[in-house]
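**Student:** Pasting a structure here, questions to come.
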Amino acid sequence: MFAAEQQYTRVAIWLHWVVAVLIVGQIIGGKIMTAMAGSPTKYEIFQLHKSFGVVILLLSLVRLGWRFTHKPPALPDGMKTYERLGARLTHVGFYVLMIVVPLSGWIVVSVSTPKISTELFKIIPWPDVPFLTRTDGAEVLWKNVHNCLAITVALTFFLHVGAALKHHFVNKDDVLTRMIPILKPGA
Ligand code: HEM
Ligand code: HEM
């Protein structure tokens, strides 16, 4: 049994898993949609990508606010200094990427030629980033930035999952089970 302050809040756990699933879906979906030949389906998938991307941006801002106001549980005592540093860098990196990846996607649609409006889930019109100029050069640049940042998320993901599995199966500590409470014996 862990004391209450050793736990992530329910909200932190829900936000972690909802955002994680959405981000993995965005990366796979983003790669598939850009490889598709032009068609009405491709257009619909682009609109869905933009819609879920904006949802990720908004949820990540909520999550960041929650993180600043709710302290996470401490890392296990036995961890070495470089492991602590690695965990911290990965988590801070993820928080930054969860904001800048969707922002870079939003810039892509705001500088692309021609203009294609964004309508979230076919209901809510979403504006472009103000004061940006549409040029072919800016479009190519920001598409590359968005792609590189998304690849950085994917690489960080493998590092993060590898570390979580090491904690669980090698160190046999509570780091994974406190993020997935149903894995806890007796839960
Ligand atoms: C965490 C959120 C997001 C992730 C992980 C993500 C990921 C990706 C990936 C992997 C691609 C394919 C890149 C390539 O192969 O060149 C892509 C393309 C794209 N994304 Fe996102 N995206 C996110 C959010 C957004 C948002 C919020 C928007 C716009 C509002 C957006 C707009 C686009 C567009 C327009 C493309 C096509 C770019 C091209 O044609 O090269 N994305 N995204
Ligand atoms: C793209 C997907 C993911 C993102 C963006 C992400 C992001 C994060 C972030 C930012 C934290 C730090 C939480 C905080 O201190 O406030 C965290 C913690 C954690 N994540 Fe993920 N995560 C993802 C996927 C996963 C997956 C698939 C697993 C499981 C295999 C996982 C397991 C964990 C665990 C166990 C912790 C707790 C670490 C600790 O207590 O120090 N995450 N994640």
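Coordinate-derived values only; no laboratory data. Owing to the predicted nature of the structure, the values given are computational and were not obtained by experimental measurement. Neighbour counts run over all protein chains shown; Cβ positions are idealised from the backbone, glycine included.
**Student:** Can you tell me the orientation of helix 81-111 relative to the chain, as the angle in degrees between its alpha-carbon axis and the longest Cα principal axis, to the nearest 10?
**Tutor:** For helix 81-111, the angle is close to 20 degrees.
**Student:** I'd like the FRET efficiency for Tyr43 and Trp14, computed as 1/(1 + (r/R0)^6) with the beta carbon distance as r and R0 of 45 Å, rounded to 0.05.
**Tutor:** 0.90
**Student:** Still on this structure, I have one more. What fraction of the Cα pairs in the stretch 1-99, stated in percent, has a spacing above 20 angstrom?
**Tutor:** It works out to 51 percent of all Cα pairs.
**Student:** Size of the dipole of the chain about the Cα centre, Lys and Arg at +1 and Asp and Glu at -1 on the beta carbon, nothing else charged, in debye to 20?
**Tutor:** 200
**Student:** Once the Cβ-Cβ distance between Phe68 and Asn144 is put in as r, and R0 is 30 Å, what FRET efficiency do you end up with, to the nearest 0.05?
**Tutor:** It comes to 0.40.
**Student:** Another question, then. Can you list the residues, at least 5 places off or on another chain, whose amide H is less than 5 Å from the amide H of Leu120, using H built in the peptide plane?
**Tutor:** Trp126
**Student:** Next up: Return, for the Cα atoms of the stretch 33-78, the radius of gyration and Dmax in Å, separated by a comma.
**Tutor:** Cα-based Rg and Dmax for the stretch 33-78 come out at 18.2, 55 Å.
**Student:** Something else about it: Which of His146, His49 comes first, and how do the rest follow, when ranked by fewest Cβ neighbours within 10 Å?
**Tutor:** Starting with the residue having the fewest Cβ neighbours, the order is His49, His146.
**Student:** Which value at 222 nm does the chain reach when only helices count, each DSSP H run of 4 or more adding -39,500 (n - 2.57), with the total divided by all residues and rounded to the nearest 500 deg cm²/dmol?
**Tutor:** One gets -23500 deg cm²/dmol as the mean residue ellipticity at 222 nm.
**Student:** Checking the table Lys50/Lys71; Lys42/Lys122; Lys31/Lys166 against a 23 Å threshold on Cα-Cα, which pairs fail?
**Tutor:** Lys50/Lys71; Lys31/Lys166
**Student:** Using the Cα centre of the stretch 1-99 as the reference point, and only Cβ charges (+1 on K/R, -1 on D/E), how large is the resulting charge dipole? Debye, rounded to the nearest 20.
**Tutor:** Working: 10 positive and 4 negative charges, 26 e Å.
Value, rounded to 20: 120 debye.
**Student:** Follow-up. Ranked by Cβ crowding within 10 angstrom, fewest neighbours first, how are Lys71, Lys172 ordered?
**Tutor:** Lys172, Lys71
**Student:** Using the Kirkwood radius over C-alpha pairs as Rh, can you work out the diffusion coefficient of the chain via Stokes-Einstein at 25 °C, viscosity 0.890 mPa s, in µm² per second? Show your work: numbers first, answer last.
**Tutor:** Numbers: Rh = 18.4 Å.
Stokes-Einstein gives a translational diffusion coefficient of 133 µm²/s.
**Student:** Given the peptides 134-140, 105-111, 41-47, arrange them by the average over their residues of other C-beta atoms within 10 Å, most packed first.
**Tutor:** 105-111, 41-47, 134-140
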